[in-house]
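Q: Okay, handing you the structure first.
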Amino acid sequence: MTPKAVLNIIDQARRKEARSGAFLRQMKEKAAQLPTAIVVDGYQPATSLFQFAVEYIEMAPRLIECVDACAREAGKSQLFQPFVDAAIRYFTQPSVLLVQYDGLDGLLIRAYLCHRLMEEMHDSNRSIRASELVDLEATRANLLAHELIGEPFANELDDSITVTVLQIAGTPDYYNLDLDPFIDQVNNRAWDWMRHYWENLLVRNHIRFSLGSGMV
C-alpha cells in the first residue's frame, strides 16, 4: 500500500459525506462545545471546522509521502520505513477499534494518529528535534484535531502512539542517531511547501487560539 491508496480512501469518504452530511452535522455539535481557547471567526464555524478537518485529513498522505521521499534521498529508508508503514496502516488496515468509524470522522481519527506519529518521531530523535521541523502551527492543528475527536478517546489514541513509537524507536540509540542527511533533504522545497501549508491551515479556515488560554 502507498500514500496514493490513502488518497483513494479519502476520496471515497468525501463522496459518502456528500450524500449523508453526517460529518458536517458532527462539526455543528463540536462548534457549540469548543473551549474558549479555540476561536472560530465568521458566521459559519461548523463549516470552518469541517474544512479544517478535510484539509488535515488530506495532509496525512502528503506528509507520509514527504517523509518517505526525504528518507530515500538521504539513504535512510530502512530507518524511516517502519514509521511510514505504520502511518499508512492507520488508513489501509485500521484496528478493530477504528473499523466502526468509516466516514470522515474515522479518517480524522486516522489522520490524527498519522500526524501524531510523525510528531513523536520528530521528538524521539535529537538531531530531528533540534531542526525544528515540526512547526508550532502543526502542533496547534493536532490540538484542534484532538478536541474534535473528543476525550477520553483522543487520550487513548495518544497512548497508542506512545506505544507504537516505543516499539519502533524506543531506544537511546535512536535518540542519538545523527540524522543530518535526512534533515538536509527535508530542508528542500517539498518540506517548505508543507511548512507553509501548516502555517496557514488554521488562518485559512478562520480558526485561532486565543492568547492567555493556557493552550499552545
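Nothing in this text is a laboratory measurement; each read-out follows from the coordinates by a stated rule. Note that the structure is predicted; figures quoted are calculated from it, not measured. Every residue, glycine among them, receives a Cβ derived from its backbone with ideal geometry; neighbour counts consider all protein chains shown.
Q: Lysine pairs in the stretch 3-209 with Cα distance under 22 Å, only those 8 or more apart or on different chains: how many are there?
A: On the way: Lys4/Lys16; Lys4/Lys76; Lys16/Lys28; Lys16/Lys30.
Total qualifying Lys-Lys pairs in the stretch 3-209 comes to 4.
Q: Specify the angular offset, from 0 to 90 degrees and rounded to the nearest 10, of the alpha carbon long axis of helix 3-20 from the longest principal axis of the alpha carbons in the chain.
A: 0
Q: Where the centroid of each part is defined by its Cα atoms, how far is the stretch 95-168 from the stretch 41-92 in Å?
A: 10
Q: Let me ask something additional. Along its three principal axes, how long is the stretch 3-209 when you only count alpha carbons? Whole Å, largest extent first please.
A: That works out to 48, 34, 29 Å along the principal axes.
Q: For the chain, set up a GNM with springs between Cα atoms under 10 Å and report which of Ala37, Ala169, Ala53 has the largest fluctuation.
A: Judging by the Gaussian network model, the answer is Ala37.
Q: Quick check: net charge around Thr164, other residues with Cβ under 14 Å of its Cβ, Lys/Arg +1 and Asp/Glu -1? Intermediate results must be reported in sequence, preceding the final value.
A: On the way: positive: Arg89, Arg110, Arg116; negative: Asp85, Glu119, Glu120, Asp123, Glu156, Asp158, Asp159.
Around Thr164, the surrounding residues sum to -4.
Q: I want to verify a result. In a Gaussian network model of the chain, Cα cutoff 10 Å, which of these has the top mean-square fluctuation: Phe153, Phe50, Phe182?
A: Looking only at Phe153, Phe50, Phe182, the largest GNM fluctuation is found for Phe153.
Q: Would you please put 88-95, 115-122 in order of how densely packed they are, using the mean number of other Cβ atoms within 10 angstrom per residue and starting with the highest?
A: With the highest mean Cβ count within 10 Å placed first, the list reads 115-122, 88-95.
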